[in-house]
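Visitor: Can you read through this structure? Questions will come right after.
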Amino acid sequence: MTILLIAVGLLWFSFTARAIYNALHVPVLPALPPESSPAAALPRVSVVIAARNEGGRIEESVRRLFGQQGIQLQLIAVNDRSTDATGAILDRLAAEDTRLKVVHVDTLPPGWLGKCHACSRGAEQADGDWLLFTDGDIHMSVDLVARGVATAQREQAQHLTLWPGILCHRWFARAAILAWGQLLIIYAPAAQINRDRGNKALGVGAFNLVWRQAYLAIGGHQPLRMEVIDDVKLGLLLRRAGFRQRIYSATHELEAEWADSVGQAIRNLEKNWFAAVEYNVWKSLAVVGTILAAMTLGLAGPFLNPAWGWFALAGMLSTSILGGMQAYRAHWPLATALLVPLGFSMFAFAGIHSTWKTLRQGGVRWRDTFYPLAELRAGMIR
């Protein structure tokens, strides 16, 4: 038991050290230099939004894009079989501003996920030198797109993605988001990616900026047609093809309405979590088992061994250090960091929920369409 508790403590402290190191090496997206060229000198960007039933927030997102400064934009909104007012709202906005082109998708062809098909259809209409794939619930600062393009050009990168901020107001949901963010920071270390080292890669659905020629070189969304985590795999394909990728933070200038409760966050991960471990039951059990075992031994450590149990508990609580840094940057109460260790249990529960539901129903239901597990596994990029 002593050896086990020492190992658990070292595991937690090692995790915290790596997470802090990686977090400190995520640079903030730089501002446009004072001598920046006017918009006419920057490449044209085609923004692709794949929207389904976003009637409550699509207008605000599109109008914010209309207001982007310092860049020439083409907006392409793909109405993916919406059953609400999304299509009508987009048509009205297109009548107001010719920069917006609306594509209506009425039927989904076989062998495609809805969002991937919508992204592909939108990219077909693009005439910009760069493509920006984003979501229908994203809020951007007025010069974010121009800064992204200018930074990618300066870095000679063909793909640039941004860490967004999450609009969230509930304490436990915030703690879960902070904990999950630490896991993602370790999964995709910016220190390696931004130095063109290793084979790690990432794409974030809120802001995936891709040089059009690089996108075409990998076959567009065709290889991603059955990928649930298409944003992540887009970055992976670009990296494997030898294109340069950069990751920056823009948490106060790029905000997503992703989840405002733990329940909503778990539901949002329902289709993604099991996909992230390649629909592999053993990988899922390994991740969930490791997290729950490390948490259980950390919490019970002082009762199991007074000498080294506190070491295991201290290791688990050390994740609050980065949690405090993350909360400070997000302008959330610092006390939120105290709940971060419990946020890992919510991630484990999300994994159990995602794995069990996908296996029980034999696939994934997304955008009111059911996709069999066998087809998802066959179309997965490894």
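Visitor: Would you mind checking the radius of gyration and Dmax of the chain based on alpha-carbon positions, in Å?
Guide: In order Rg, Dmax, the Cα atoms of the chain give 21.3, 71 Å.
Visitor: Taking segment 158-245 as the region of interest, what is the percent of Cα-Cα pairs per 5 angstrom bin, listed from the shortest bin to the one with the maximum distance?
Guide: 3, 13, 23, 23, 16, 11, 7, 3, 1
Visitor: Still on this model: Taking every pair of Cα atoms in segment 267-382, average 1/r, invert it to obtain the Kirkwood radius, and report Rg/Rh to two decimals.
Guide: Radius of gyration over Kirkwood radius for segment 267-382 works out to 1.09.
Visitor: State whether segment 97-230 is rounded, prolate or oblate according to the following rule on the C-alpha gyration tensor (a ≥ b ≥ c being the square roots of its eigenvalues): a/c under 1.5 gives rounded; otherwise a/b larger than b/c gives prolate, and the remaining case gives oblate.
Guide: rounded
Visitor: Okay, moving on. How much of the calculated P(r) for segment 222-268 lies past 12 Å, in percent of all Cα pairs?
Guide: Taking all Cα-Cα pairs of segment 222-268, the fraction more than 12 Å apart is 74 percent.
Visitor: To the nearest 20 debye, what charge dipole does the chain have about its Cα centre, counting +1 at the Cβ of each Lys and Arg and -1 at the Cβ of each Asp and Glu?
Guide: So the magnitude is around 980 debye.
Visitor: Can you give the Kirkwood hydrodynamic radius for segment 302-368, in Å, rounded to one decimal and based on Cα pairs?
Guide: 14.6 Å
Visitor: Give me the 1.4 Å probe accessible area per residue for the chain, excluding ligands and nucleic acids, in Å².
Guide: With all protein chains present, the chain gives 43 Å² per residue.
Visitor: Cα extents of segment 92-143 along the three principal axes, largest first, in whole Å?
Guide: If we take the Cα atoms of segment 92-143, the spans are 38, 24, 22 Å.
Visitor: Next question, about the same structure. Among all helices in the chain defined by DSSP H, which have a length of 20 Å or more along the axis from Cα atoms plus a Kyte-Doolittle mean of at least 1.0?
Guide: Those that pass (Cα extent of 20 Å or more, hydropathy at least 1.0) are 2-24, 171-187, 281-304.
Visitor: Can you list the residues, at least 5 places off or on another chain, whose amide H is less than 5 Å from the amide H of Ser249, using H built in the peptide plane?
Guide: Result for Ser249 returns Val28, Leu29, Trp163.
Visitor: Apply the Kirkwood formula to segment 129-168: the hydrodynamic radius equals the inverse of the mean of 1/r over all pairs of different alpha-carbon atoms; give it in Å with one decimal.
Guide: Mean inverse Cα-Cα distance, inverted, gives 11.5 Å.
Visitor: With only alpha-carbon pairs counted, each pair once and no self-pairs, how large is the Kirkwood hydrodynamic radius of segment 54-145 in angstroms?
Guide: Kirkwood radius, segment 54-145: 13.7 Å.
Visitor: Once the dipole of segment 217-369 is set up with Lys and Arg at +1 and Asp and Glu at -1 on Cβ about the Cα centre, which of Ala294, Gly315, Val277 lies farthest towards its positive end?
Guide: Towards the positive end, the residue furthest out is Val277.
Visitor: Continuing with the same structure: Provide, for q = 0.19 Å⁻¹, the log10 of I(q)/I(0) from a solvent-free Debye sum over equal Cα point scatterers in segment 218-329.
Guide: Rounded to two decimals, the profile gives -1.24.
Visitor: Quick one: grab the alpha carbon gyration tensor of segment 4-104, order the square roots of its eigenvalues as a ≥ b ≥ c, and give me rounded if a/c is under 1.5, else prolate or oblate depending on whether a/b is larger than b/c.
Guide: Working: a/c = 4.39, a/b = 1.66, b/c = 2.65.
Oblate is the answer for segment 4-104, as a/c is 1.5 or above yet b/c matches or exceeds a/b.
The values are calculated or read from the model by the stated rules, or taken from the named source; none is laboratory data. Treat the numbers as computed from the prediction; the structure is a model and nothing was measured. Glycine gets a Cβ as well: all are built from the backbone with ideal geometry, and neighbour counts include every protein chain shown. Calculation scope for accessible area: heavy atoms of the full protein, side chains included, ligands and nucleic acids excluded. Shrake-Rupley method; radii C 1.70, N 1.55, O 1.52, S 1.80 Å.
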